[in-house]
Structures are given as C-alpha cells and as structure tokens.
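The values are calculated or read from the model by the stated rules, or taken from the named source; none is laboratory data. What you are looking at is a predicted structure, and each value in this text was computed from that prediction instead of being measured. Glycine gets a Cβ as well: all are built from the backbone with ideal geometry, and neighbour counts include every protein chain shown. Only protein heavy atoms, including side chains, enter the accessible area calculation; ligands, DNA and RNA are left aside. Shrake-Rupley method; radii C 1.70, N 1.55, O 1.52, S 1.80 Å.
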Amino acid sequence: MAEHVLAAVRTGPSKTELHEFPMPEIPDDGALLKMQVAGICGTDVKMYAQPAVEGPVIMGHENVGVIARAGRRFVELQGVGEGDRVFVEHYVACRRCEWCRLGEYRHCEATDWRTNPDARRYGYTSCEHPYHLWGGFAQYMYLPWNAVVHRVPDNVSDEEAGIVTPLSNGIECALYDSGVGFMSTVLIQGPGQQGLSQVVACRQAGASLIVVTGTTRDSVRLELARTLGADHVIDVQAEDALERVLEITHGEGVDVVLDCTAGAGVTPVLLGIDALKRRAGTLLVQGELATFPDFPIKKLTEKAITIKSARGHSYRAVELALAQLASKRFPLELLTTHTFGLVDVDTAIRAVGGEAGDGVIHVSLLPWQE
C-alpha cells in the first residue's frame, strides 16, 4: 500500500486542489476504506459554491469502497472486515443517544455540523482533524468505530451502489415520511436524483398514480421518469401544472406531494397545497427557503394538510435501497449518467450543477480513474 493518499480538497468557494496526505495509522477500532465510487448530488453543488464549514474539506458523502485495513475491534463492532465492499453513510454517529438506537443517525448531535462545531460527517468535516480522510473525493477514507456501514450485495455494481444515498432518501421521504402505499396518488415535483428515486419508491410501494413535473430543460429526465414508472409527466413551462393534475385526477387532487425542486422558490409549495386533495393530504418540502412571505396558512389548515420536511435517511431506508438495487426490478443504472476522475472534481460538481448540458442526472467520481 502506498505511503500517501491523493485527495481533492475544497480550499475555498468553488476551488479545489489536489493534496497528498500521509497514509494514516489505523487504531484497533478503526479501518481504512479504498474508495471505489463517490456520488455527487445537488447538495455538493451548493456546498462547493458556498461552504458551510470553515477550513479545507475533502468533499464526498455518497461513498462506496472496499475495506483495505481493519483493526480487530472494528471488525468485532461492525461485522465487516478486510476485503468487504461497503456503502458508508455520511453520518458519523455517537451510537449512544436515543436517535442512534432507533437507527436515525441523521438526528444525532455528534454528526450535526449545523449545531456542533466538532461534528464528524463525511464530506463536511475539515481534513485538519485527526486522520484527515473525512470525505470520499480521495483514494482512501478513514472509518472510525462509529461509522455507519452497510454491506453491498454482490450483484450490485460499484456505480449502482453509488446511488444508494438518493435512493434511500427517496424511500425515506416517500414511504416513511409521507406514508405512500397501496393505491396512493402522488405528485413528485422535480425529476432529479431525488425525484426519480421517489418514482421508484412510490411504484414499489404500490402507488396507483404517479405524476412528475419538470421544466422543458428536464425533457430527458422526464422521459426517464416514465421509464421508471411515472404514469404522467408535466412540463410546467408548457402546461398549467395544477390544471393538468386536476384533469388527471378528475378534479380530486393527489394524496401526497413530494417537492424535489431546487431554486424554484415558493411556487412548488403553493402548487403542492392546491394540488392536494380537499382533506388530509401530505406535503413534503425541502426546506431551502429562509422565509416564505404570505404563506397561505388558512388554506393549509382548511384542507388539514400535514407538512413534513425532507432530511436525509434512516438505517432501514439504506437497507431497502440496497435490496431494491439487488432486485434488478428497475433499470436504476440509467440514473448514473457521467463519471469523472479525481483530477476532474471541479468539472464533475459543475456538471451536476447544470454546466454540462441537460442529460446529467447522477455523477460518479471514480478516485482511481486516470
């Protein structure tokens, strides 16, 4: 094994430099992951342009690799060891709090960089912290005793496993947060990684109607939504989205609205409120808006709408995502559209941000690719 690790380090807003780090000494309860794939999503685009964490950071929070070294205690605690291929959640949880015991590591204070300046989370933690390798945009990544790992099924390729994060987020949002199930009617706004993953989750759960909205620029993604199981797609720039939803549902509206848009302002939320059925629908929002002037609270309460917020995934959602990939029921390999090597991290992130044309959905960073 080499003495140094090559990594792409975010050194400032929209700035990446290749750095070499010494190969860390692994403690008895730690391990070293040889990276195979690091997925790139819309969150990376935002964090790259406007870093929320000070200091140099190795980004990459959707990580798949093979365990190259593992201490004895790590193997005992995790049940995986050298040679095993795993998906690593970005949460580095305490494993002691109530949330961790429920498998809801996303809520653990030890991994929440928003409230805990010493939090550990892959893709967010400064590489100035001990062991340095806290992100997937590197040849190797450090795994402490409390990393959350999942064994990848043998029939799932590395690049397929690279979409586990958006797929598990889709499962969490649709099934667990919004209660989509047998004969549910659903409107999914935005045909990106999350929206397409939710199409799969809703179809697998038994939804009777899935409608997906997007813009004219999303034509390729909307067509993929059909391939994955959407019953109808709507170009919001060519049609009146609310009028079309009501037409499709014979004036009734839908049971659940899942907002997977980015940068669309208040429009998706207002559309969601109007598109829901007259009583007791569920609206899931991304929560990116700092404020919402003139929010229609009266209409919300009159329709008895429940609002949920999208926030990551649970342990069980990841396990279901891996099982879904292994089932081969859906052509999920179609979500991964582009691959880049470590030297092209900047280009890869910008591609997800829309600078490489309209056909980009999910990008895989392959740290060993020339």
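Projected onto the charge dipole of region 112-260 (+1 at Lys/Arg Cβ, -1 at Asp/Glu Cβ, origin at the Cα centre), which of Ser168, Gln237, Val211 gives the Cα projection farthest towards the positive end?
Ser168
Work from the charge dipole of region 73-195 (Cβ charges, +1 for Lys and Arg, -1 for Asp and Glu, about the Cα centre) and give the residue of Met141, Gly181, His107 farthest towards its positive end.
His107
Just the number, please: carbon plus sulfur as a percent of the accessible area of region 265-370, 1.4 Å probe, no ligands or DNA/RNA counted.
C and S atoms contribute 53 percent here.
Would you please name the GluC sites (Glu not before Pro) within region 15-50 that are DSSP coil residues with at most 16 other C-beta atoms within 10 Å of their C-beta?
Glu25
Accessible area of Asp28, 1.4 Å probe, to the nearest 10 Å²?
70 Å²
Would you indicate which of [x] 25; [y] 17; [z] 21 is the value of percent of Cα pairs over 36 Å apart derived from the coordinates of this structure?
The value matching this structure is [z].
Test of understanding: what is the full-extension gain from Ala205 to Glu370, defined as 0.36 nm times their sequence separation minus their Cα-Cα distance?
55.3 nm
Express in Å², to the nearest 10, the accessible area of Val212 obtained by rolling a 1.4 Å probe over the protein heavy atoms while all chains stay in place.
0 Å²
For the chain, what is the accessible area per residue in Å² when the probe is 1.4 Å? Could you put the intermediate results ahead of the total?
Details: 15590 Å² over 370 residues.
With the other protein chains kept in place, the chain gives 42 Å² per residue.
Only Cα pairs within less than 10 Å get springs; with that Gaussian network setup on the chain, which residue of Arg151, Arg221, Arg72 has the largest fluctuation?
Comparing Arg151, Arg221, Arg72 in a Gaussian network model of the chain, the most mobile one is Arg72.
Could you check what % of the DSSP bridge pairs in the chain are antiparallel, to the nearest 5?
55 percent
When the solvent-accessible surface of protein heavy atoms is calculated with a 1.4 angstrom probe, in what order do Lys328, Lys298 fall, highest first?
Ranked from most to least accessible, the order is Lys298, Lys328.
With each label point set 7 Å from Cα along the Cα-Cβ vector, what nm distance links Arg151 and Ser126?
In this crude spin-label approximation the distance works out to 3.9 nm.
Going 7 Å from the Cα of Glu319 toward and past its Cβ, which residues in region 95-116 have a backbone nitrogen under 13 Å from where you end up?
Label zone hits: 102-104.
Can you count the Lys pairs in the chain with C-alpha separation below 28 Å, eight or more apart or on different chains?
11
Which whole DSSP H helices in the chain pass both tests: a Cα extent of 15 Å or more along the axis and a mean Kyte-Doolittle value no lower than -1.0?
Both cut-offs are met by 193-205, 315-327.
Mind giving me the nanometre distance, one decimal, between the label points for Glu302 and Arg217, set 7 Å out from Cα along Cα→Cβ?
Reported label-point gap for Glu302 and Arg217 is 3.5 nm.
With +1 on each Lys and Arg Cβ and -1 on each Asp and Glu Cβ, how big is the dipole of the chain about its Cα centre, in debye rounded to the nearest 20?
900 debye
Once the other residues with Cβ under 13 Å from the Cβ of Ala317 are scored (Lys, Arg +1; Asp, Glu -1), what is the net sum?
-2
If you rank His232, His250 by how much accessible surface each has, with a 1.4 Å probe, what is the order from largest down?
Sorted by accessible area, descending: His250, His232.
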